[in-house]
Ligand code: PRX
């Protein structure tokens with residue numbers, strides 16, 4: 001058993017599972033649902049998961065079909081649809097051009113200044129992707145090369161991701177709120193030679209200087225040869241003519257013109273890497289591939305959000321996170337949906353911005369995060385009631401547990417008691433939903449739902465033995481699934497150790513959960529040193545290393561504490577250098593330091609300044625004691641601590 005994992009997690013307590021709380025879907029919400037008899041589909045899929053996934057894969061196009069659905073001969077290095085050839089872009093874009101969807105809107109984009117609107121049909125999206133792909137090719141980007149994308153929520157992020165995929169390059173999207181240090185670390189680790197960015201991004205009426213941060217990040221990079229800059233805010237930026245290129249100027253060059261063929265790749269060829277935080281060490285580059293990821297994101301979105309051609313789909317996630325990859329960009333386009341993307345935040349300039357967008361653009365399916373729901377809930381229902389939300393059909397949630405109070409508000413105030421709420425539990429690693437519902441299933445406020453078709457989950461104790469229903473334990477997944485991570489890029493051993501060594505044959509999620517008597521899973525929170533703050537995934541190790549680069553800090557430990565809106569908040573115990581006195585000024589300085597060296601999303605809420613940190617005799621920080629102290633609880637057994 002990995003000693004790093006311990007129960008209970010830092011997440012908010014879940015109420016006792018009570019099946020009688022189930023909310024049946026309104027009949028009008030499910031009359032045309034793709035999945036009607038979900039029990040039958042669940043049974044069918046579990047009877048033969050490979051046959052099930054093969055049937056889902058057949059709904060998509062392949063230039064060559066597979067020899068084997070699942071090759072587990074080198075488990076846990078699972079391979080899906082081996083021998084098959086396709087490209088996710090063939091299915092997300094190209095195939096729609098041969099149907100009436102050619103003229104359908106693929107993307108409606110609205111800027112933070114809502115007078116700025118850009119729309120793309122599938123046809124024009126294809127042209128934009130070709131242009132970007134031609135430019136990348138002309139810059140020497142080849143199949144298998146990594147391209148770093150550091151862009152705000154603007155249409156070019158779609159073009160860039162799809163263009164990389166189209167030519168078989170691997171994209172590495174870095175959330176445009178990360179600092180230059182964090183960006184540099186990701187560029188270096190992935191050895192990417194091209195970075196795509198923008199002059200700046202709009203954040204609550206102010207410009208965030210993306211290009212300046214890229215300049216700092218690549219100043220000492222031995223690999224980066226070219227930086228493509230999209231003009232977005234019109235900010236003045238320094239352009240080095242030898243390696244900085246304005247995107248709009250490149251689009252005018254002859255090399256950018258014309259069609260670009262979609263490279264047919266092996267189903268197992270890498271599609272992207274995405275960095276995420278783990279328990280220890282530097283962020284991990286999670287690697288996903290074309291074939292399985294395509295099938296998984298397509299099928300799960302279609303089933304759970306019941307995508308139909310007349311839908312307008314809005315996923316509020318940033319493309320810098322896995323939710324943006326799977327369910328803002330790829331999943332919806334694979335389903336031929338109309339995607340809505342908004343550049344700004346939900347509360348700027350007023351807390352009805354999202355509802356205004358829902359009304360103005362007739363959004364039917366709205367997928368967001370619990371933190372946002374809780375934030376908007378605090379502003380009161382009047383902001384919601386100002387708008388006609390009758391277009392909404394389905395609501396969704398992701399990233400952290402949706403507590404019953406927020407579930408009920410979302411259901412009643414936003415969904416007007418008629419929209420099913422689809423809570424989706426999954427991870428950067430899983431690539432696609434793992435535990436969720438389909439609209440025909442009853443919703444249970446606070447529960448994520450059931451394993452997706454073809455999957456089984458279990459709650460086990462530290463010996464890997466399944467616990468009784470209603471008891472908290474470690475959440476594991478029992479079957480491989482097509483969109484699963486294939487490895488941690490360049491770190492195969494870490495992949496095996498992190499996910500597959502604790503309980504052989506079972507995928508370790510890192511979460512704790514309970515299952516109720518109906519088979520619904522209630523997610524509690526992380527059991528490792530990962531903190532979910534406002535749904536963002538942070539590693540305590542990253543926050544600690546950021547603090548340790550501050551001259552006044554000798555030692556530091558970060559923990560998560562329950563927070564009513566953010567789910568968890570970061571609390572830091574910091575041992576200061578001799579002679580440094582803690583005060584508000586110092587705390588603010590530490591916060592600014594973390595924002596500058598990691599990201600503003602990692603700023604601690606609170607600090608304590610002890611003389612020493614509680615440690616085991618082997619020098620490991622005992623976070624359990626810090627957490628108990630911060631919460632005013634019993635510190636438990638201290639006999640194993642180092643006396644010093
Ligand atoms: O703890 C779980 C939580 O988010 C973790 C995964 O974080 P990340 O890789 O950033 O992906 C987030 C978006 C898929 C999980 O281990 N989590 C995610 N969704 C839920 C959730 N916790 C409870 N309920 C959810 N629906």
*Inter-label distance, nm, simple model (7 Å from Cα along the C-beta direction), residue 68/residue 95*: 2.5 nm
*asked:* Report the gain in length on full extension from residue 246 to residue 548: 0.36 nm times residue separation, minus Cα-Cα distance, nm rounded to one decimal.
replied: 105.0 nm
*Assuming a ≥ b ≥ c are the square roots of the Cα gyration tensor eigenvalues, decide whether segment 65-104 counts as rounded (a/c under 1.5), prolate (otherwise, with a/b larger than b/c) or oblate.*
prolate
*Only residues of segment 518-556 count here: report those whose backbone N is under 18 Å from the spot 7 Å along Cα→Cβ of residue 581, or say none.*
552-553
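Can you tell me the FRET efficiency between residue 456 and residue 39 if r is taken as the Cβ-Cβ distance and R0 is 22 Å, rounded to the nearest 0.05?
0.90
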*asked:* Restricting to Cα pairs below 8 Å that are 6+ residues apart, what does the relative contact order work out to for segment 533-631? Please round to a whole percent.
replied: 29 percent
*asked:* Based only on other Cβ atoms within 10 Å, what is the fewest-to-most ordering of 172, 63?
replied: 63, 172
_More than 20 angstrom separation, counting every C-alpha pair in segment 533-631; what % is that?_
33 percent
_Computed lengthening from residue 206 to residue 223, 0.36 nm per intervening residue step minus Cα-Cα distance_ = 3.0 nm
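Where does segment 371-479 land on Rg(C-alpha)/(2.2 N^0.38 Å)?
Compactness ratio reported: 1.23.
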*Beta carbons within 10 angstrom, averaged per residue: use that to sort the peptides 256-264, 629-637, highest first.*
256-264, 629-637
*By DSSP, what percent of the beta bridges with both residues in segment 533-631 are antiparallel, rounded to the nearest 5?*
80 percent
*When you count, for each residue, the other Cβ atoms within 10 Å and take the mean per peptide, how do 199-205, 32-38, 555-561 rank with the highest first?*
555-561, 199-205, 32-38
*Within segment 134-171, find all residues whose amide N lies under 16 Å from a label point positioned 7 Å from the Cα of residue 235 along Cα-to-beta-carbon.*
150-154
*Output the Cα-based Rg and Dmax of segment 34-169 in Å, rounding Rg to one decimal and Dmax to a whole number.*
18.6, 55
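Going by how many other beta carbons lie within 10 Å of each one, how would you line up 272, 208, fewest first? Walk me through the numbers before you get to the answer.
Values: 272 28, 208 18.
Exposure proxy ranking, most exposed first: 208, 272.
What is the order of 61, 112, fewest Cβ neighbours within 10 Å to most? Write out the running numbers ahead of the final one.
On the way: 61 14, 112 20.
So the ranking, lowest neighbour count to highest, is 61, 112.
Report relative contact order for the chain in percent, whole number only (criteria: Cα-Cα under 8 Å, sequence separation at least 6).
On the way: 1419 pairs, mean separation 102.2, N = 644.
Result for the chain is 16 percent.
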*222 nm [θ] for the chain, helices only, -39500 (n - 2.57) per DSSP H run of 4+, per residue, to 500?*
-7500 deg cm²/dmol
*Return the Cα extents of segment 318-397 along principal axes one, two and three, sorted largest first, each rounded to a whole Å.*
37, 24, 19
*P(r) weight above 22 Å for segment 466-581, C-alpha pairs, percent*: 52 percent
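Obtain the radius of gyration and the Kirkwood radius of segment 135-183 from its C-alpha atoms and give Rg over Rh. Before the final figure, lay out each step's value.
Values: Rg = 11.1 Å, Rh = 11.3 Å.
A ratio of 0.99.
Hey, what did segment 452-512 get for relative contact order, percent, Cα under 8 Å, at least 6 apart? Before the final figure, lay out the partial values.
On the way: 76 pairs, mean separation 21.4, N = 61.
The normalised contact order for segment 452-512 reaches 35 percent.
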_Of all beta bridges DSSP finds with both residues in the chain, what is the antiparallel percent, to the nearest 5?_
60 percent
*Going by a ≥ b ≥ c, the root eigenvalues of the Cα gyration tensor, does the chain fall in the rounded group (a/c under 1.5), the prolate group (a/b larger than b/c) or the oblate group?*
rounded
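Taken together, the values in this text are just the output of simple stated rules run on the coordinates, not laboratory data. These figures come from a predicted structure and were not determined experimentally. Positions of Cβ are generated from backbone atoms using ideal geometry, with glycine treated the same way; all protein chains shown enter the neighbour counts.
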